[in-house]
Structure formats: C-alpha cells, structure tokens
Amino acid sequence: MIKKGFIWFLLPTLLLASMSVYSLAQKTGLVSYSPQKLPLMQESVNRINRVIERKLAEKGKAYNVPMNDYIYVRRLYVDLTGTIPSYDQVQSFVGSKDPYKRMRLANELLASEGFVSHSYNYFADMLRIQSNIPGENLRTDAFSTWLKDELRSNSPYNRIVYDMISATGRMQENPAVGYHLRDIGMKLDHTSFMAKIFLSKDISCAQCHDHPFEEWTQMDFYSLASFLGEMETKANSKSSKRGNKQKTMRVSYTPAQVKLRRFLTSWGFEVALAEREGVSYTREKAKVQKKARELRANFENMMKDQRYNVRDNRDAALELPDDYQYEDGKPGDEVKPRVLLGTPYRVSRSKPKRAQLAHWLANPQNRWFALTIANRMWARFFGRGVVEPLHNVEVDNAADPHLLQTITEVMQDLDYDLKAFSWVLVNTEAYNRLATQANVPLKQDYYFPGPLLRRMSAEQVWDSFVTLMVENPLRYRTSGGLTLADVSNKENALNFVESLAAQSGKGKNKKGQLVLLDSETGQTVLRGNESVKSSETPSMQRVTTGSGKKRLVLARASELEQPAPPGHFLRKFGQSERNFVVGASSLTGSVPQVMELMNGFATEALTQPDSLIFRKMKYEKNPAKRAEVVFLSILSRTTTEMERKLLLEQLSRGDDKDMADLIWALLTTPEFFFIK
C-alpha cells in the first residue's frame, strides 16, 4: 500500500498515466512537442517503468526513497543545464504550489540555452573537439557553433551524425567538416574512434592484427576504414604544382565566394572598413587600405589553402598495409568497403563511399547506432549505462537486456529526438528517486532503483561556480565562426573576413585566438588573453583579476577554449584533453583540486563582495538569514536544526569575512560536488 506522503513524489507518473495528451501539454508547457510525439513520450515512460519494476520485483528489490523538492530541483538543473540552480531559482521552485511544477520545470530547462551549453560539453568531449586543430593553424569555432545550433534547433541525432560523416568543403562553408578535420591524416585512428563513439565497438586492436579475444579481424577493420578511402583533407603535392595557380583558384570559386570577392576588391569595401574602424576614409586612406589588403589576403589564402578542404577523390582507395600477413589479402591490395555490423541499407553505389557510410551508420533502422546513443544518454542521467563499458558493448553482459532493448526502441520511436528522450528519462520513476550511495562496481549488476551517486563533471563544477558569481552565466559567448552562408550584407562580409584572421592566426607559430562576444550588447569583450575596452562600465563578469594578478573569464565552459589551457580550474578538476574517448575525463579527487579550492582564484573571486552570492546577502542583517542564503545558493537546501545551532555560535558577527568562510566551507563538502 502506498503511503499518503509519497503521493506527491509519484505525481509525475500518475499524471502521465491519467491525463489526456492535450491537457498535459497545456498544463505543463509541452506545447513544443508535436501531438504525434507526445503519446509516444508518455508511453515510453510507462514502458521503462514497467521493465525496471519487473526486474526489481524479480530480484526482491525496491525503488530508492523519493526525492524532496530541494534535491529534485538541484539534480534536474545539474543534469539538464550543467549547473546548480541559483538562489532565486531554488526559492521559486520550492515555493511554488503548482501541482505540475516538476514536469513544467523539466520542459523549461530542456528548452533553455543551458541545456544547449551542457549538451555541447558532453558531445564536445565525446567528439574530442579542440579549439585548434592539432598540429594545424586552424580554429574550429565554426564547427562548435554549428554543433550548438544543431542542438539548439533539436536536430535529430542521426541527422547530425549523417551530416558530419558526409560533409564536404571548407569549414567556412560547411562547418560540419570539422568532424573529419579533427583527425587530419589519421584515417585509421579516425575509424577506430568512429566505431567506439557511434557503434559501441572497440576495434582498435584490429588496426594492426586480428583481435586476440573478439571476432574482429584486421580485414574487418580495413573494410570499414575503406569507406574513408576516397576522403582527402590535404592537397596533393603533385596536383598542386600542375598548371597555373590562378586557374586552379578560379575553378574552386563558388557563386557565394565570387560575390564576396567582388565586394572585397571594391572601393565600397574600403569605405565600409573605415566606417567600422571609426575613421575618416579620406584622412586615413593609407591606414584603411593597408588593413583592407590584409583582410583580402586572408580571404585569398583561405581559397588557396587546400589542407582544410574535405573532399572525395573517386580515384583514391585504401590499401592493405605492407605488413599484412593474413590469407584473405596481400599487402597493397585495394580494400573493398564493408559494413561492420548488420547489413548495408540500399543506397546508390554512385554516391561517394563516405555518403554510403553515413547512410548505413546513421540510418534510423541501424539498431546498434540507436542502442549506442540510447545507452550513452542513459548513463548521462543515471551515472551508468544499462550495459558497460559504453565504448564496447556486449548485449549479453547487460544485467537487464530487456531494458537495453526498450531504451533502444524508444530512441528509434522518438526519431532520435534527444530532448524528447531526455524528457522521458527524467520522468521515469527510477530517475525520481534518491541516488544509490553504495559503491556498485561495473562488474556488479545494477537494476536502477535510482541513479547512482556521481560527482559533477569538471564543466558542471565550473559552471556552478560561475552561476554563484554572476547574474547571467551565458552572457559571454564564443564568436560564432561565421560561414559564407552568413554573408548577406556588407556588415556580415566584414565580420566574416575579420573572423578569418582570428581563426587562422598570423605567422607559422601563431594560432588563432578565442574571441568572446557580449550577447547583450554585441560587443567583443575578449580577444585571446586581452580584454577589449568597452564604453560600458566594467563589470566583474568581463575579466576578473585576482590579487595574484591572475585572470579569469567568467563564462560557461562551453564558451571557453576547448579544452581549457593547462592549469585552468577546469583542467584541475578533470576536464578531458580531448585526445581520447575512453577515460579521457576524470571525476577523481586530487591534491591540486583541494589547493584550488583553498587558494585558487575562482574561490577568491566568489568570496568577493561583488559576487552574486554576496549581493544576494546584501540586505540581510541577520546572520542566520545570511547563512540561509549561502546554503540555498550552494547546496540548494535550507539549514538543519543542528546546523543553525552551530552557525549561531560561529557567525555571531555575521560580517563578510564570516560569510566568506562559510562559503568556502560549503564549497569543499561532498554535498556540493555530488549529485544526490
């Protein structure tokens, strides 16, 4: 029999079971989903609940204790937006009497920019996105912006993957090519990463020899890699010397490029540049023309540079290596492309091999592709996949194969809609329970009576710090890495050619720079390591300087360098270097983390009077009430009776120093770092 007090915690599930689609959408803000998809989402929640409940009953186990409002609002913000809720957000949610507030909050957060930022962090880690292509003078801001735009518009996941794998052209024209440019000149490694990320199969060993423990052969590996055999990302040295260079350039121009080139060579471009610089064209003509020549040269260099132009050469093919030693082929033999799992789907053989690969891999009917992303998304919300390890799945190793099959089918039924899938997961009965705090080794079966207790990622910790410091953590955004498609007027044309300089840098040893824009004013606030002067009154958020003369940009992790430079807060707390897929990021505690919390600039900035948390206490004179603000801001809960008694003894003065000490004390507790 259900206890009366538990009805509140079961309300989301009860509502899903009893309310009509129309009334549910109207009362909880689900209007962004189509009427056709809503019943699927509701039924998906029920299906997952039934599977888990059946397994728990079979094993003689029960769900964990339900969450109260304080724990719920904190977990949902951290899981969906990547940051703890602000003081005002906690107060607003807990104080609300709306019976549908939990589902309403989930809908609001899934539609927020925070969801885009947090999702980008996850996929940037998975795709190993770096702001500068390793070993090359090229920034990937356009690719990052494209990925954020795809997540913002809720493009189906299989469409995103298809576009990345089949993409051709330069990043300034088609940003999706940034996926292939990440591994310039490393087709075999690129193939290995692709299998781990999109198919949950680790075939790395088969790159050099038949796998000693699994069914993969070296021929299997090369057959999959052969789909990339036609792909080129670097110019052929012989073809580049053949004929007239000018002729080659003309052939490469598209109508959009021709239009931009005409503008750049016109007198109107120089006049527009003078207006942008705020100078008189007549008096400063020489200076303006010099700047114009530099920008024209940046554009021409981009057009001549074939290193970053992803294309398919139909005459190229992948060959077996010189040391190939198996009977099914000889060294130097051309390898025919073959899918790794299942059967290929019908597609014209006239299409480039990469397009054929994309059609098979990201096909909605590809069960392994659906299983892989469904299992990864489950791990994001529950701290562990239905089957582990995520990069090398064996279905027989799943503690509950029926649950794995169910979430795979749900992903396919929802057409790879990541927002809808996330909505389903956070509305399941298992998600709405307290986390399991006991240590559950990967080799031990787990049946999901609730999520596992997990530490926040480096990005979640950093973004939570920023949330405690400033009113709008997403105010500063990475400059968009404009593409030719954005060039619709002279203003955009100027922005585009100027972005080329920022992306590619100057000189052999100089890399492009991070450029941050103020989303509220449109002004550039940071270029590289230098703060750009503004006519506005400087704010704490722009670039904060500590007593040690260190500089800190208070922007979300998704808007900073990818990854952050060595020594940054993010790196100390385990941010991935974006070189590997498996074990790249870390959730392990360390001495440098303790030192960062004790003496680091982030903590120093947070305990300054102009930080948001201090400003929230500004008008509170009572030490107990000031302490309550700190607890709600950092731990998203009120103080216990025992804590209030202790605080009254320790915070008798209630001054800023006492409050700074309290802030530091709470930030170093496991309760701050772990998601309950």
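Coordinate-derived values only; no laboratory data. Please read all numbers here as calculations on a predicted model, not as lab measurements. We place every Cβ from the backbone using ideal geometry, glycine too, and count neighbours over all the protein chains shown.
Here segment 299-341 is scanned for amide nitrogen atoms under 14 Å from the site 7 Å beyond the Cα of residue 254 along Cα-to-Cβ, giving 303, 309-312.
Which residue, chosen from 83, 72, 110, occupies the Cα position most advanced towards the positive end of the dipole of segment 50-130, where the dipole is computed from +1 (Lys, Arg) and -1 (Asp, Glu) charges on Cβ about the Cα centre? Most positive-ward Cα: 72. How big is the C-alpha Rg of the chain next to the rule-of-thumb value 2.2 N^0.38 Å, as a ratio? So the chain has a normalised radius of gyration of 1.04.
Take the Cα of residue 234, step 7 Å toward its Cβ, do the same at residue 62, and the gap between the two points is 6.4 nm.
Taking the charge dipole of the chain about its Cα centre, with +1 at Lys and Arg Cβ atoms and -1 at Asp and Glu Cβ atoms, the residue from 580, 436, 410 reaching farthest to the positive side is 580. Local charge for residue 266 was computed over the other residues whose Cβ lies under 13 Å away, with Lys and Arg +1 and Asp and Glu -1, and equals +4. Length gained on full extension, residue 155 to residue 439: 98.6 nm, using 0.36 nm per residue less the C-alpha separation. Taking 7 Å steps out from each Cα toward its Cβ at residue 209 and residue 524 produces label points 5.4 nm apart.
Shape call for segment 562-634 from the C-alpha gyration tensor, a ≥ b ≥ c root eigenvalues: rounded (a/c under 1.5), prolate (a/b greater than b/c) or oblate? The shape class here is prolate. Reported to the nearest whole Å, the Cα centre-to-centre distance from segment 376-429 to segment 292-322 is 39. Label separation (residue 577 vs residue 397): 2.5 nm, computed from points 7 Å beyond Cα along the C-beta direction. Could you compute the net charge surrounding residue 88? Neighbours are other residues with a C-beta less than 12 Å from the C-beta of residue 88; K and R count +1, D and E count -1. Around residue 88, the surrounding residues sum to +1. At an R0 of 56 angstrom, the distance between the Cβ atoms of residue 643 and residue 350 translates into a FRET efficiency of 0.20. Dipole size of the chain about its Cα centre, with +1 on Lys/Arg Cβ and -1 on Asp/Glu Cβ: approximately 1780 debye, rounded to the nearest 20.
Projected onto their three principal axes, the Cα atoms of segment 598-676 cover extents of 30, 29, 19 Å, largest first.
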